[in-house]
Amino acid sequence: MGLHVAHMTSRRLHAVTVNAAKLMGLDGYGLEPGCHADFVVLQARDPIEAIRLRAPRLQVVRRGRVIAENPAQKARLHLAGRPETTDFTLDAV
């Protein structure tokens, strides 16, 4: 919510990713060859959806190695005329 209030929810979240890493002096941050390859895979189509849904983590990767995994979350629906399951992403509508 703080990102939204601070008008930082554009499609490019450099204020809370790249620029924050520079400010903290993190070496090896980014998506370039030679970087550490530390990242989290979220169950979301884009950064806005990740914030909107508080997306669950599917994988946590540290130094290029998966250190944690979770299955994708789905919900069973009991509504006449509706799909039986959904993952709540925009594609599911």
Report yes if some residue within the stretch 17-27 is on the phi > 0 side of the Ramachandran plot, more than 9 Å from the chain's Cα centre (by Cα), part of a loop (DSSP other than H, G, I, E, B) and assigned by TED's automatic domain parsing to the domain that holds Asp87; otherwise report no. no
Return the only residue of Ala55, Ala72 being surrounded by fewer than 12 Cβ atoms within 10 Å (Cβ to Cβ), part of a loop (DSSP other than H, G, I, E, B) and out of contact with any Lys or Arg (no Cβ under 8 Å at 6 or more places or on another chain). Ala72
Filtering the stretch 35-56 down to residues that are out of contact with any strand residue (DSSP E or B) (no Cβ under 9 Å at 6 or more places or on another chain) and over 14 Å from Ala72 (Cα atoms) yields Cys35, Asp46, Pro47, Ile48, Ile51, Arg52
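The values are calculated or read from the model by the stated rules, or taken from the named source; none is laboratory data. Everything numeric in this text was worked out from a predicted model, so none of it was measured. All Cβ positions, even for glycine, are placed from backbone atoms using ideal geometry, and neighbour counts span all protein chains on display.
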